[in-house]
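Novice: I am attaching a structure below and will ask some questions about it afterwards.
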Amino acid sequence: MTKIFVVARHEFLTTVKRVGFLIVTFGLPLFILGVMGVSVLLQTRTMEGERERIEHSRLGVVDESGLALEPFPDEADWILYPNEREGRTRMAADGVHTLLVIPSDYLATGRVRVLTTHRPSLFSFDRKYVPASFEEYLARRILKEASPERVTRARSPVARADTWFLLPDASGPADTERPEDYLKRLLTAGFFFLLLFMSTSVSGGYLIQGVADEKENRVLEMVISSVTPGQLMTGKLIGLGAAGLLQVAIWSALGVSGVIWFVASFVINPGLFVFCALFYLLGYLLYGSLLLGIGSLGTNQRESTQYTWVLSVLTMSPVFVWFNILSEPHGTVARVFTWIPLTSPMTLMARFTVDPRGTPLWEILCVIALLAAATFLALRFAAKLYRVGLLLYGKRPTPREIWRWMWA
Amino acid sequence: MSVASGTRSERPKGASVTSDFEPTPNASRSDAALVVERVVKQYDRQRAVDGIGFTVARGELFGLLGPNGAGKTTLLRMIMDILRPDEGEIRLLGHKMTPALKDRVSYLPEERGLYQRQKVFDVLVFLGEIKGLPRHVARRRADQYLDRVGLLAARRKKMRELSKGMQQKIQIAGVLLHEPELVILDEPFIGLDPLNRALIIEVMKETAARGAAIILSTHLMDQVEALCGRILLIHQGREVLSGTVRAAKERFADASVRIDTDAPLEGRPEVQRCTPEGPNGLVRVHLNVKPEAFLATLLAEGRAIRRFERALPSLDEVFINATQRGVP
């Protein structure tokens with residue numbers, strides 16, 4: 001254990017002290033935040049300006065609907081034109097930027113025609129160019145005898161729906177849960193999903209880089225004359241996994257919401273937190289050990305990456321079907337991904353979160369057992385490949401050789 | 001005591017095994033630093049190491065020699081448990097290799113390097129810690145050994161800032177700083193200038209003097225002659241020659257002598273050829289007859305003979321003859 005700890009600490013410190021690590025950890029998110037912040041600020045200001053201009057600029061109205069819109073309220077800066085042609089002719093001289101034509105079939109269709117000099121920005125193409133004050137006025141004219149409360153209700157018939165989700169139970173009446181509770185579960189699973197995705201991506205990169213660096217530096221033979229390949233591999237998994245986690249944690253902290261998310265996940269549902277943490281750990285160990293074992297067969301970082309890209313894509317594949325898994329947690333896709341050890345951590349976390357009662361206990365236990373067995377075998381085979389792979393300098397092994405080394 | 005043993009079905013062309021020149025110094029098999037017994041390592045259809053056996057005593061400097069591709073590195077890797085032998089047994093310090101035993105043994109491989117982006121001191125501390133030294137001891141020893149190899153001033157430098165020779169000395173410091181009982185050095189002098197080579201030889205002698213066994217694998221025969229009491233020469237995975245350096249040389253000595261005499265030597269029927277050795281009249285003479293007969297002839301002629309000795313071949317010559325023509 002001591003040597004594993006020494007290797008883990010060495011790997012961790014070596015990684016986090018690198019200038020590249022510091023730049024990526026602190027510089028990259030700050031850069032992205034900066035760019036995004038400036039972009040969002042500019043966009044918000046642009047859209048706010050657009051809205052202000054629409055709300056407060058003079059409005060021209062042509063009423064062909066027969067709703068008898070005049071007289072307009074005193075405070076409204078609206079001009080009524082007798083027809084569209086007249087309006088289009090006079091609007092420039094009257095300082096009108098938007099001409100609203102309410103056609104004769106308006107009550108049946110709800111459609112109006114808008115003629116405006118305003119131009120939308122990229123993110124406001126669906127803007128209606130109808131001032132909210134005019135919509136409010138229109139509603140009141142439609143319901144001209146109704147009380148203000150009725151007008152308000154008519155504009156928003158269901159302002160709030162207190163909802164409970166039913167949890168079917170064959171043995172009695174269905175239990176209920178609040179959507180907020182469901183959302184909290186989703187947040188916990190989402191947190192671990194993102195954590196697994198990001199930290200395996202980040203740590204995976206470090207693992208490949210670490211092995212390639214050591215091979216290129218020719219330092220491995222000296223090291224494995226002091227520690228066993230298994231100790232070296234485990235130490236690397238722990239140290240570089242911790243470095244990856246630290247990086248993801250710092251990114252989360254820079255976004256503040258990540259920390260709140262993490263704490264909330266644990267406080268809200270510690271049981272689910274432990275469940276997800278177990279899958280995270282097994283998932284990382286399985287992926288990391290295979291990555292190290294196979295990656296060690298490459299003679300440099302490029303080759304190691306080539307050997308392991310299929311593994312990486314397979315592990316991350318639940319991301320591509322994430323919405324399908326959430327919408328159909330017991331569908332074929334979700335079930336198939338559940339039983340593939342590399343994809344089961346992400347998939348089962350999602351399934352269990354969406355529908356804890358719908359995921360049978362036997363299936364969860366079997367998947368945990370399968371995942372644990374796969375992790376154990378992966379560590380074992382990877383250690384064997386690692387032992388041989390570390391000494392491969394400039395020689396590409398054949399599939400037959402790899403197979404033989406695995407079982408040696 | 002036999003210093004070399006091994007069963008083998010066939011040998012390299014022209015080569016024969018010779019051993020038992022002299023007993024292993026200070027060693028019985030039970031307290032030897034290293035016992036290698038008939039180890040075999042096969043890759044596909046080729047035997048990289050074929051039935052090699054030898055022992056190394058504590059405190060001994062032992063030379064492992066052989067041409068490129070002879071199987072030396074494979075043999076050393078098997079000793080360090082980096083590779084597993086297909087047959088045979090290896091015992092270090094009286095035990096089969098275990099993870100704990102690795103802390104008492106040290107290995108400087110031929111394929112070597114150090115973490116280029118790390119600082120010299122940190123690298124040494126790490127190497128000490130993975131050999132089981134507590135962190136504070138590893139830190140202290142790192143400074144001691146850096147001082148010993150003359151690189152204390154470079155402790156805060158990154159490895160990549162150092163010259164190849166300096167890195168080489170740091171590798172050797174890293175191998176020795178946990179004060180192992182058995183040290184295996186594969187080509188330790190590559191990249192070192194004569195001054196630094198002399199420094200490392202001194203360090204190796206100090207290490208042996210405190211009781212550590214050292215196995216030295218090198219192509220530099222003059223270093224082997226300067227350091228090693230015994231050698232093992234292997235070729236094509238098999239043992240060709242083993243024993244003391246002197247015995248090996250005597251084994252390959254031909255009918256040549258060094259003579260300092262007033263007699264004219266050129267043109268004599270007993271003399272094959274003469275080669276002057278230095279300015280003081282010493283001549284190396286290759287004879288067609290036995291040296292004893294030639295000496296008797298000169299004495300009978302009443303010649304003045306100031307020096308007459310058997311000329312032994314250099315270790316380089318032994319190496320070339322043994323690997324190319326086999327052992328006489």
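We did not get these values from a lab; they are worked out from the coordinates using the rules stated. What you see is a predicted model, and the numbers here were worked out from it, not measured in a lab. Cβ coordinates were reconstructed from backbone atoms using ideal geometry, including for glycine residues, and neighbour counts include every protein chain displayed.
Novice: Percent of Cα-Cα pairs per 20 Å bin, from 0 to the last occupied bin, for the protein assembly as shown, please list those.
Specialist: With a bin width of 20 Å, the distribution comes to 13, 30, 24, 15, 10, 6, 2, 0.
Novice: Right, another one. Taking the alpha-carbon centroid of each part, what is the distance from the range B:148-168 to the range A:234-251 in angstrom?
Specialist: With the range B:148-168 and the range A:234-251 each reduced to a Cα centre, they are spaced 30 Å.
Novice: If you wrap a convex hull around the alpha carbons of the range A:1-146, what volume per residue comes out, as a whole number of Å³?
Specialist: Given the Cα convex hull of the range A:1-146, per-residue volume reads 207 Å³.
Novice: Using the C-alpha gyration tensor of chain B, what are the square roots of 5 times its eigenvalues, in whole angstrom, with the largest one first?
Specialist: Square roots of five times the eigenvalues give 42, 25, 16 Å.
Novice: Another question about this same structure. Can you tell me the order of B:148-158, A:38-48 when each peptide is scored by its average per-residue count of other Cβ atoms within 10 angstrom, highest first? Kindly include the intermediate steps, with their values, before the conclusion.
Specialist: Values: B:148-158: 15.5, A:38-48: 11.5.
Going from most to least packed, we get B:148-158, A:38-48.
Novice: Show me, for the range B:168-184, the HN-Hα J-couplings you get by feeding each phi into the Karplus relation (A = 6.51, B = -1.76, C = 1.60, θ = phi - 60°), rounded to Hz, glycine and proline as x.
Specialist: Each residue of the range B:168-184 in turn: 4, 5, 5, 4, 5, 4, x, 6, 9, 5, 8, 6, x, 8, 9, 10, 10 Hz.
Novice: On the first, second and third principal axes, largest extent first, how far apart are the outermost C-alpha atoms of the range A:78-197 in Å?
Specialist: Its Cα atoms span 71, 45, 22 Å along the three principal axes.
Novice: Charges on Cβ only, +1 for Lys and Arg, -1 for Asp and Glu, centred on the Cα centroid of chain B; of B:Thr218, B:Ile231, B:Ala100, which one is farthest towards the dipole's positive end?
Specialist: Among B:Thr218, B:Ile231, B:Ala100, the one farthest towards the positive end of the dipole of chain B is B:Ala100.
Novice: Within 10 Å of each Cβ in B:99-106, how many Cβ atoms from other chains are there, averaged over the peptide?
Specialist: 3
Novice: While we're on this one: HN-Hα J couplings of the range A:38-46 from phi, Karplus 6.51/-1.76/1.60, θ = phi - 60°, integer Hz, Gly and Pro as x?
Specialist: Values per residue, Gly and Pro as x: 4, 4, 5, 4, 5, 5, 4, 5, 4 Hz.
Novice: Report the label-to-label distance for A:Thr163 and A:Ser121 in nanometres (one decimal), using points 7 Å from each Cα along the Cα→Cβ vector.
Specialist: About 3.1 nm, to one decimal.
Novice: Turning to a different aspect of this structure: Taking just the alpha-carbon atoms of the range B:29-160, what radius of gyration and Dmax come out, in angstrom?
Specialist: 17.5, 51
Novice: Order these peptides, B:109-121, A:64-76, by their mean beta-carbon neighbour count within 10 angstrom, highest first.
Specialist: B:109-121, A:64-76
Novice: Starting from the Cα of A:Lys17, draw a straight line to each of the aspartates and glutamates and keep only those under 13 Å, dropping any in the same chain fewer than 8 residues away.
Specialist: Counting by Cα, and skipping residues close in sequence, A:Lys17 has these aspartates and glutamates nearby: B:Asp122.
Novice: Could I ask something else about it? Just how far, in whole angstrom, is the range A:299-349 from the range B:203-236 if you go by their alpha carbon centroids?
Specialist: So the separation of the two Cα centres works out to 55 Å.
Novice: What distance in nm separates the simple spin-label points at A:Ser317 and A:Leu42, each placed 7 Å from Cα in the Cβ direction?
Specialist: 4.1 nm
Novice: So, by mean Cβ neighbours within 10 angstrom, what's the order for B:222-233, A:91-102 with the highest one leading?
Specialist: Highest to lowest by the protection proxy: B:222-233, A:91-102.
Novice: Between B:Ala100 and B:Asn68, what length comes free when the chain is fully extended (0.36 nm per residue of separation minus the Cα-Cα distance, one decimal in nm)?
Specialist: Numbers: separation 32, 0.36 × 32 = 11.52 nm, distance 3.21 nm.
So the extension gain works out to 8.3 nm.
Novice: Amide H of B:Arg307 versus every other amide H placed in the peptide plane: which residues, excluding those fewer than 5 positions away on the same chain, fall under 5 Å?
Specialist: B:Asp260
Novice: Can you list residues from other chains, or at least 5 along the same chain, whose modelled amide H is less than 5 Å from the amide H of B:Leu241?
Specialist: The answer is B:Thr18, B:Leu233.
Novice: Assuming R0 = 41 Å, what is the FRET efficiency of A:Arg400 and A:Arg357, from their Cβ-Cβ distance, to the nearest 0.05?
Specialist: With R0 = 41 Å, the Cβ-Cβ based efficiency is 0.25.
Novice: Which one, A:Thr305, B:Ser163, B:Ala57, projects farthest toward the positive side of the charge dipole computed for the protein assembly as shown from Cβ point charges (K/R +1, D/E -1)?
Specialist: Going by the charge dipole, the pick is B:Ala57.
Novice: Ok, one more. Taking H placed 1.01 Å from N in the peptide plane, check which residues at least 5 places from B:Val271 or on another chain put their amide H under 5 Å from its amide H.
Specialist: For B:Val271, the qualifying residues are B:Asn288.
Novice: Could I ask something else about it? Past 27 Å, Cα to Cα, is the threshold; run A:Lys3/B:Lys164; B:Lys164/B:Lys205; B:Lys96/B:Lys158; B:Lys96/B:Lys164; B:Lys41/B:Lys102 against it and keep the listed order.
Specialist: A:Lys3/B:Lys164; B:Lys96/B:Lys158; B:Lys96/B:Lys164
Novice: In the calculated pair distance distribution of chain A, what percentage of Cα-Cα distances lie above 33 Å?
Specialist: When every Cα pair of chain A is considered, 55 percent fall beyond 33 Å.
Novice: I need the phi-derived Karplus couplings for the range A:199-215: 6.51 cos²θ - 1.76 cosθ + 1.60, θ = phi - 60°, integer Hz, Gly and Pro marked x.
Specialist: 6, 5, 5, 5, 5, x, x, 5, 4, 5, 5, x, 5, 5, 4, 5, 5
Novice: Total Lys pairs in the range A:179-407 closer than 20 Å by alpha-carbon, pairs eight or more apart in sequence or interchain only? Don't skip to the end; give the middle numbers.
Specialist: On the way: A:Lys215/A:Lys236; A:Lys215/A:Lys384; A:Lys215/A:Lys395; A:Lys236/A:Lys384; A:Lys384/A:Lys395.
Going through the range A:179-407 pair by pair, I get 5.
Novice: Any chance you could check the Cα centroid distance between the range B:289-328 and the range A:1-78 for me, in angstrom?
Specialist: Measuring centre to centre over Cα atoms gives 94 Å.
Novice: Over all residues in A:136-146, what is the mean tally of Cβ atoms on other chains that come within 10 Å of each residue's Cβ?
Specialist: Across A:136-146, the average partner-chain Cβ count within 10 Å equals 0.
Novice: Another question, if that's okay. At 222 nm, what helix-only mean residue ellipticity would the protein assembly as shown give, in deg cm²/dmol to the nearest 500, using -39500 (n - 2.57) for each DSSP H run of four or more?
Specialist: So the calculated ellipticity at 222 nm is -15500 deg cm²/dmol.
Novice: Using only atoms on other chains, find how many Cβ atoms lie within 10 Å of each Cβ of peptide B:116-128 and report the average.
Specialist: Numbers: counts 4, 7, 7, 1, 0, 0, 4, 3, 0, 2, 8, 4, 2.
Going residue by residue through B:116-128 and averaging, the value is 3.
Novice: Based on the inverse mean of 1/r over its pairs of different Cα atoms, what is the Kirkwood hydrodynamic radius of the range B:254-311, in Å? Walk me through the numbers before you get to the answer.
Specialist: Working: mean 1/r = 0.0895 Å⁻¹.
About 11.2 Å for the range B:254-311.
Novice: Report the percentage of all Cα-Cα pairs in the range A:179-407 whose separation exceeds 24 Å, rounded to a whole percent.
Specialist: Every Cα pair in the range A:179-407 considered, those over 24 Å come to 46 percent.
Novice: Now for a separate question. Which percent, nearest 5, of DSSP beta bridges in the range A:58-151 are antiparallel?
Specialist: 30 percent
Novice: Where does the range B:113-177 land on Rg/Rh, using Cα atoms and the Kirkwood Rh?
Specialist: Expressed as Rg/Rh, it is 0.92.
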